[in-house]
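The values are calculated or read from the model by the stated rules, or taken from the named source; none is laboratory data. Just so we're clear, the structure is a prediction, and the values are computed from it rather than from any experiment. Here the Cβ positions follow ideal geometry from the backbone for every residue, glycine too, while neighbour counts run over all protein chains shown. Note: areas computed on protein heavy atoms with side chains; ligands, DNA, RNA excluded. Shrake-Rupley method; radii C 1.70, N 1.55, O 1.52, S 1.80 Å.
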Amino acid sequence: MRLKDSLRVLRLQLGKQLLDKKDRFSEINTAVKNILFLRQDGKIGDYVVSSFVFREIKKFNPEIRIGVICTKQNAYLFKQNSYIDQLYYVKKKSILDYIKCGLAIRKAQYDLVIDPTIMIRNRDLLLLRLINAKNYIGYQKADYGLFNINLEGEYHFSELYKLALEKANIPVQDMSYDVPFDAQSAVDIAEFLQQKQLENYLAINFYGAARIKKVNDENIKKYLDYLTQVSGGKKLVLLSYPEVTEKLTQLSADYPHIFVHPTTKIFHTIELIRHCDQLISTDTSTVHIASGFNKPIIGIYKDDPIAFTHWQPRSQAETHILFYKENINELSPEQIDPDWLVK
């Protein structure tokens, strides 16, 4: 184990000794009137797979108040959700801000905190302790006293949220995702599709968040050549973001049937996926968005059975998966079976 990893483990052990405690019942024995979710580390994919919980809580009892801890950077995901009653903002790496936030939330006297993240940092444990809720539901936290209800086993993260609500005696009738919507972005993309005469197209995402999930320029060209050959003249839209828009535009310049939208926000990407016939992606965030629309998906994942269990596609449409060992550039375009493509 590297020194950095050893020090991190030591810090977590010390933090647990100082901040952990157990003084709660092992089950929720009263009706829950308010629920707090920790989502300060959440990204778009995390939001999408858990989006149904807010709707299902309000469906069960509209009087239950829902709070969410987030950052100002990811607040845009939660602001557009009408089921959420209160947002609390923290600065991700500021202990002082975590303390201020925890003490402020403490006054609201939450009945339940749900935090299914696997690794808990000391600042997160401090925040949880300061909130002083009546109940805490966690995932793989059997050795933490603060969490009086612990979920174990390997599940898709949407299933974990369902189990958490059931532990709070809140039934889940519908696990379909609520994909975020922005009206202006919908207009932007509708105009782009009309201008380019795009009605039936494949959406392709060559870039995941991690370096190992990014397809290099040479292989992007190979994919474009191969998909042009086997897709039966299908139009392609390459999903983009500001840092790669120019590069993708240059790489696709010689292909009259391939288009790149000058995307500036995630809501543009959401609308491009909403209107596509099929998604090909190495990025789980766009896979979850496509799942929310029940689109056919060709997903490209690292060969990690546990991570795949947690984050696999949940689309009701036809889904195919390719796996790589260490880096997505190990794969060749020919591994996409032409019969998988929506013609």
Report, by residue number, each residue of the stretch 249-259 that is more than 28 Å from the chain's Cα centre (by Cα) and open to solvent by less than 40 Å² (accessible area, probe 1.4 Å). L251, S252, Y255, H257
Exactly one condition in (1) assigned to a loop (DSSP other than H, G, I, E, B); (2) surrounded by fewer than 21 Cβ atoms within 10 Å (Cβ to Cβ) is not met by S240; state its number. (2)
Filter the stretch 184-214 for residues that are in a strand (DSSP E or B) and hydroxyl-bearing (S, T, Y); the one that is most open to solvent (accessible area, probe 1.4 Å) is Y207
Return the pair list, or none, for Cβ contacts closer than 9 Å from residues in the stretch 88-117 that are in contact (Cβ under 8 Å) with a residue 40 or more places away in the chain and under 16 Å from K167 (Cβ atoms) to residues that are acidic (D, E) and open to solvent by less than 30 Å² (accessible area, probe 1.4 Å), at least 6 apart or on different chains. D115/D124
Just to be sure, is N169 touching a residue at least 60 places away in the same chain (Cβ under 8 Å) and open to solvent by 60 Å² or more (accessible area, probe 1.4 Å)? yes
Only strands (runs of 3 or more DSSP E) wholly contained in the stretch 57-145 count here; list those with 2 or more residues that are open to solvent by 10 Å² or more (accessible area, probe 1.4 Å), out of contact with any Leu (no Cβ under 6 Å at 6 or more places or on another chain) and not hydroxyl-bearing (S, T, Y). 86-89
Can you work out which of the residues in the stretch 301-323 that are touching a residue at least 60 places away in the same chain (Cβ under 8 Å) and either among the hydroxyl-bearing types (S, T, Y) or open to solvent by less than 20 Å² (accessible area, probe 1.4 Å) (or both) is nearest to V49 (Cα to Cα)? H310
Can you tell me which residue is surrounded by the fewest Cβ atoms within 10 Å (Cβ to Cβ) among those in the stretch 215-233 that are in a loop (DSSP other than H, G, I, E, B) and modelled with pLDDT of 95 or more? N216
Take T282 and tell me if it is of a type in the set (S, T, Y), in contact with a Pro (Cβ under 8 Å, 6 or more places away or on another chain) and at pLDDT 95 or above. no
Exactly one condition in (1) open to solvent by 10 Å² or more (accessible area, probe 1.4 Å); (2) touching a residue at least 40 places away in the same chain (Cβ under 8 Å); (3) out of contact with any Asp or Glu (no Cβ under 6 Å at 6 or more places or on another chain); (4) assigned to a helix (DSSP H, G or I) is false for E246; which is it? (2)
Consider N169 against the criteria (1) outside any helix (DSSP H, G or I); (2) touching an Asp or Glu at 6+ places or on another chain (Cβ under 9 Å): it satisfies all of them except one. Which criterion is unmet? (2)
Determine if the stretch 188-200 includes at least one residue that is closer than 24 Å to E334 by Cα and in contact with a Leu (Cβ under 7 Å, 6 or more places away or on another chain). no
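Matching residues to (1) surrounded by fewer than 19 Cβ atoms within 10 Å (Cβ to Cβ); (2) among the aliphatic types (A, V, I, L, M); (3) out of contact with any Asp or Glu (no Cβ under 9 Å at 6 or more places or on another chain):
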position	(1), (2), (3)
I270	no, yes, no
C276	no, no, yes
L279	no, yes, yes
A290	no, yes, yes
E334	yes, no, yes
W340	yes, no, no
Take the residues in the stretch 170-217 that are touching a strand residue (DSSP E or B) at 6+ places or on another chain (Cβ under 8 Å) and aliphatic (A, V, I, L, M), then tell me which one is nearest to I28 (Cα to Cα). I212
